[in-house]
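A.B. asks: Shown below is the structure under consideration.
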Amino acid sequence: MKFLVKLLPVGIVAVTVFFFWQRNWHSPSPPVKSAATTTNSAHSSSAVVVTLLLEKPANPFAHTMAPLRLKLHRWQEAQARDSADDEKDRDQWMQELLAMVTDENAAEIVQSLSADELNTPFGIAALHHWMQVDPVKAANWIASRPDTTAAQNMAVADDWLGNRAGLQKYIDQLPDNEWKQNFLSDLGSEMSARDPQSAIQLAQQMHSGDAQKNLLQSVACNWVGTDPGAALNWVASVQDPSLREPLIASAVQSYALTDPTQAASWLVSEVKSDAIVKDTALNILKVWAVKNPAEAANWVSQFPEGDTKAAAVQIVSQYLRLSNPGLATSWLQGSSGGNQTPAN
């Protein structure tokens, strides 16, 4: 009995193997593909692949960039040669390049350019195009780059001049960083001649320092040439003497081109700093002595003795020698005594 119990598992295994063998033996084999069938299948697969490739829509940007880069590369090579023979080709390539920029692809083109390519006239023109389409994104992209150039900043600033409604909103959302300060300075410089009051408002949003001071001096020089009264009133209204006096100096140097007598009078009456008076007076004399050396000499004769007068005498005497050598000699002799002024 024990022996039968031991054989039972073995029997079960044997029966299972037998039925498994029988089923596989009588099961029909899968059909074998003929060579023709295999070949036809391969051709069919290839045709599908080709069809898919043909039906796949082309990338319009890639289609544009291939010839664009080729033309731009040729333009850069011709520009490097700087040959008159290449000028016609350069002009033609540039026209073709600019024609490839559209409202739809301007952003992609600009962002795909290398730093050198972006600094080309084409790169700046493409940036202008993008600014016309989406000024905020274009300006923010330039602002985010660590290698922006003055030409790129000026391109952005120049385009914002045509969009005054959105300009202040854009400035307000800028982070207070170096790029914002440069942008305000560049934009203010562009505005200083066209719209001095707006340029002043931009300068007031800058940090105190040399950049702000330089912008305001530029405004003073430009404004006094177009509206002296308004410019001088603005300068006089500046409360900080350390800023007001340099602004007066800038304004009077520019005004000396029109009315050196009045410029000189305003300088000595409004500026208290001896250093500023000296430097500005000498600059005024360089302009005045060319226009009327005798009048300039009369003004210099009123200077108190010292280094400033000595330097002024040298400037005026150079022009007097050219226009009237005899007068120059007598004036120099009188100047050494401090009493004589030349007659006109």
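The values are calculated or read from the model by the stated rules, or taken from the named source; none is laboratory data. Note that this is a predicted model, so its numbers are computed, not measured. We place every Cβ from the backbone using ideal geometry, glycine too, and count neighbours over all the protein chains shown.
A.B. asks: Select from region 152-166 the residues that are part of a helix (DSSP H, G or I) and surrounded by 14 or more Cβ atoms within 10 Å (Cβ to Cβ) and list them in ascending order.
C.D. replies: Step one: of region 152-166, the residues part of a helix (DSSP H, G or I) are 152-160, 164-166.
The answer is GLN152, ASN153, MET154, ALA155, VAL156, ALA157, ASP158, ASP159, TRP160.
A.B. asks: Keeping to region 143-185, report how many residues are farther than 25 Å from PRO121 by Cα and among the small types (Gly, Ala, Ser).
C.D. replies: Residues flagged as farther than 25 Å from PRO121 by Cα and among the small types (Gly, Ala, Ser) within region 143-185 amount to 2.
A.B. asks: Could you check region 238-268 and list, in sequence order, the residues that are hydroxyl-bearing (Ser, Thr, Tyr) and over 30 Å from ASN324 (Cβ atoms)? Spell out the reasoning first.
C.D. replies: As a first pass, look at region 238-268 and keep what is hydroxyl-bearing (Ser, Thr, Tyr): 242, 250, 254-255, 258, 261, 265.
Across region 238-268, the qualifying residues are SER242, SER250.
A.B. asks: Could you tell me whether ILE124 is modelled with pLDDT of 90 or more, of a type outside the set (D, E, K, R) and either touching a strand residue (DSSP E or B) at 6+ places or on another chain (Cβ under 7 Å) or crowded, with 20+ Cβ neighbours inside 10 Å (or both)? Give the derivation first.
C.D. replies: On the way: modelled with pLDDT of 90 or more: yes; of a type outside the set (D, E, K, R): yes; either touching a strand residue (DSSP E or B) at 6+ places or on another chain (Cβ under 7 Å) or crowded, with 20+ Cβ neighbours inside 10 Å (or both): no.
Here the answer is no, as ILE124 does not meet what is asked.
A.B. asks: Cβ-Cβ distance below 9 Å, separation of 6 or more or different chains: which pairs start in region 300-311 with a residue that is assigned to a helix (DSSP H, G or I) and end on one that is modelled with pLDDT under 85 and surrounded by fewer than 10 Cβ atoms within 10 Å (Cβ to Cβ)?
C.D. replies: Within 9 Å, the pairs are SER301/ASN339.
A.B. asks: Sticking with this structure for a sec: Can you name every one of the helices (runs of 4 or more DSSP H) wholly within region 98-143 that holds 2 or more residues which are within 27 Å of ALA80 (Cα to Cα) and free of Cβ contacts under 8 Å to residues at least 12 places away in the same chain? Walk me through how you get there before you give the answer.
C.D. replies: Numbers: elements: 106-112, 115-118, 121-133.
Because the criterion is at least 2 residues that are within 27 Å of ALA80 (Cα to Cα) and free of Cβ contacts under 8 Å to residues at least 12 places away in the same chain, no helices (runs of 4 or more DSSP H) in region 98-143 meet it.
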